[in-house]
Amino acid sequence: MGAAAGPLVRAVHDEFHGDLLEVSMGPQHPSTHGVFRMVVTLDGERIVKLKPVFGYLHRNHEKIAEGTSYLGSMPYTDRLDYLCSMSNNWAYALAVEKLAGQPVPDRAQYLRVIMAELTRLVNHMCLVGFLFNDLGTSFTPLLYAFREREKILDLFESLSGSRMMCNYQRFGGCRVDPTPEWLAAASALVNNFPRFLDEYETMLTGNEIMLARTQGIGRLNAQQAINAGITGPGLRASGVDYDIRKVDGYGFYPRFDFRVPLGAHGDTYDRYMMRVLEMRESVKILQQAFRDLPAGPIMDPKAKLRGFRPKIGEAYGRLEGPKGELGFHLISDGSPNPYRYRVRPPSLINLTLLEEMSLGHTIADAVVILGSIDIVLGEVDR
Amino acid sequence: MTDAEREELRRHGILLTSLEELYNWGRSNSIWPLQFGLACCAIEMIAAATARFDIARFGAEIFRPSPRQADLMIVSGTVTKKMAPLVVRLWNQMPEPKYCIAMGACAISGGPFKQGYNVLKGIDRYIPVDIYIPGCPPRPEALLHGLTQLQAKIRGEHLAGPDQAQHLRPANPGELPIPDYGAHDLEPPHNPARFSPPSLPRKA
Ligand code: SF4
């Protein structure tokens, strides 16, 4: 055999527990959200050990980027977390702009906020849909989520030419300026979005099965979450007020009025609620952005794309991605491609506490806990 | 019988067909794909199953979580060398007749990640691919187009005769060898019985 490590299910002996059963879930499994494997040791129905195994989607993103020009890596960032290409672009652009001291015009800053928040909507809707899939609702919430997602993707497509791999941001601005029609359509979509959220919540939030299956499951306290470096909605569900949009104030976020929702229990239910509340906040940000969008250039006239050679130095650019802190660390040796390129992926780091969260629960709960962490394997493995 | 005569009969409510046609018609309109995605392309595959694109129109909406119940493998996404043996194993577990669609640049050739040491340069090195869908990622419509092409291919298969379908030939191996993790690469790097690219003469 050789290929997959060991048989799928086997009995293991543990001197304290007697006979345990080791189950290998994945890498092909409908609820592992991609090519991810969990080696779960079970005592009866309870999980006593859980070992995440990844690397099934290791695509050498960082190494390829070190051999490519700065601009050439931009499309690869789309394929990191393939649900959120717009905000990935921005994180990378932030790092490069820091490295080169590149200013960004006001209009581009607003457009970036618009794209990032639309991406957050897409990501959070998909997460909720997939989470309910894992709970066994079989598709319906996901169908609703994808219905709305398609509308946003249509906007992305008409702007950037691609549905998923948008490749829209550039160092020093954005690639194309949206037309007034585009802005009107986007603004109408955003204004209608709360109606969809109400519909979605009516269907899901009070759902009895949902409450029974998620409350008190997969608890994470603030201490554990901070120590593990967890960021994003997963951290805020545990009650830690840490949002890079507020802390760092990158882009033009300080100009926007929005709240950072916080959870109290750090369980799966809180992590779900966090997403729903964040979507409502995103709508607020988007409405303000459409209202205040200034006229002007979308690209800094001095910005250089081709033949871009930053000075020797290093920079770390980060933003509050939908899944948490997405950062790019770049070291330049003055050549056209980065000397070192490193991604700080939220998915991978949020995954590190999967075992702690799942211990003592059943394997069906582990599936839901994994769903609530919100991982995309392209980012976990890179 | 000519097509015109057959059409004439059909108008009178008489359907004349061959067993082969009926059999292929049934098979081509009830394809059960394996619910299995590898990377970004898988999201577009999911989108193809949702209401807007609705793969159900082609009778292929029953995505099966188990390879035992599936007859179409849509390789949607980057196949890494760590994953390739498992993909071949899943393929082996699918019952005949079975088909494979390589969805997206990665599954076809490694795509944008071709330079990566860990990326398999195309799943056709190990598995016979029926339909290639280019794109990065291909749109859901492209997947549906690929699916209709596959249906056309299934409808053209013969039950008997010299050009009998592959899966009906006793000599055809149902199981393919699963590559192993070697010291540096997968062993063998490709299935020589399946994949034999022309060797390009290089100038000295
Ligand atoms: S072809 Fe493109 S979209 Fe599809 S898996 Fe490869 S990188 Fe992702």
Tell me, please, whether a residue that is touching a helix residue (DSSP H, G or I) at 6+ places or on another chain (Cβ under 7 Å), more than 16 Å from the ligand (Cβ to nearest atom), of a type in the set (S, T, N, Q) and within 12 Å of another protein chain (Cβ to nearest Cβ) can be found in the range A:161-178. no
Any residue in the range B:125-149 that's touching a residue at least 12 places away in the same chain (Cβ under 8 Å) and open to solvent by 30 Å² or more (accessible area, probe 1.4 Å): show its pairings with residues that are assigned to a helix (DSSP H, G or I) and away from the ligand (no atom under 12 Å from the Cβ) at Cβ separation under 7 Å, as long as the two are six or more apart or on different chains. B:D130/B:L150; B:D130/B:K153; B:T148/B:F58
Cross-chain or 6+ apart pairs with Cβ under 9 Å, the range B:40-55 first and within 16 Å of the ligand (Cβ to nearest atom) and of a type outside the set (A, V, I, L, M), then open to solvent by 10 Å² or more (accessible area, probe 1.4 Å) and part of a helix (DSSP H, G or I): B:C40/B:C106; B:C41/B:A105; B:C41/B:C106; B:E44/B:A142
Answer yes or no as to whether B:M73 is within 13 Å of chain A (Cβ to nearest Cβ), open to solvent by less than 20 Å² (accessible area, probe 1.4 Å), in contact with a Cys (Cβ under 8 Å, 6 or more places away or on another chain) and within 16 Å of the ligand (Cβ to nearest atom). yes
Which one is farthest from the ligand (Cβ to nearest atom) among residues in the range B:77-96 that are touching a residue at least 60 places away in the same chain (Cβ under 8 Å) and either open to solvent by less than 30 Å² (accessible area, probe 1.4 Å) or part of a helix (DSSP H, G or I) (or both)? B:N92
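Inside the range A:154-176, can you point out the residues that are of a type outside the set (A, V, I, L, M, F, W, C) and surrounded by 17 or more Cβ atoms within 10 Å (Cβ to Cβ)?
So in the range A:154-176, the residues of a type outside the set (A, V, I, L, M, F, W, C) come out as A:154, A:157-158, A:160-163, A:167-170, A:172-173, A:175.
A:S160, A:S162, A:R163, A:N167, A:Y168, A:Q169, A:R170, A:G172, A:G173, A:R175 - these are the residues of the range A:154-176 that are of a type outside the set (A, V, I, L, M, F, W, C) and surrounded by 17 or more Cβ atoms within 10 Å (Cβ to Cβ).
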Could you figure out which of (1) within 9 Å of another protein chain (Cβ to nearest Cβ); (2) modelled with pLDDT under 90 isn't true of B:E96? (1)
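Give me the residue from the range A:78-102 that is among the aliphatic types (A, V, I, L, M) and open to solvent by less than 10 Å² (accessible area, probe 1.4 Å) and, out of that set, nearest to the ligand (Cβ to nearest atom).
Step one: filter the range A:78-102 for residues among the aliphatic types (A, V, I, L, M), giving A:80, A:83, A:86, A:91, A:93-96, A:99-100.
Those left that are additionally open to solvent by less than 10 Å² (accessible area, probe 1.4 Å): A:80, A:86, A:91, A:93, A:95-96.
Numbers: A:L80: 10, A:M86: 15, A:A91: 18, A:A93: 20, A:A95: 21, A:V96: 22 Å.
Restricting to residues being among the aliphatic types (A, V, I, L, M) and open to solvent by less than 10 Å² (accessible area, probe 1.4 Å), the top hit is A:L80.
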Test A:H61 against the criterion of being within 16 Å of the ligand (Cβ to nearest atom) and surrounded by 17 or more Cβ atoms within 10 Å (Cβ to Cβ), and give yes or no. yes
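The values are calculated or read from the model by the stated rules, or taken from the named source; none is laboratory data. Just so we're clear, the structure is a prediction, and the values are computed from it rather than from any experiment. Glycine gets a Cβ as well: all are built from the backbone with ideal geometry, and neighbour counts include every protein chain shown. Keep in mind that these areas ignore ligands, DNA and RNA; they rest on the heavy atoms of the full protein, side chains included. Shrake-Rupley method; radii C 1.70, N 1.55, O 1.52, S 1.80 Å.
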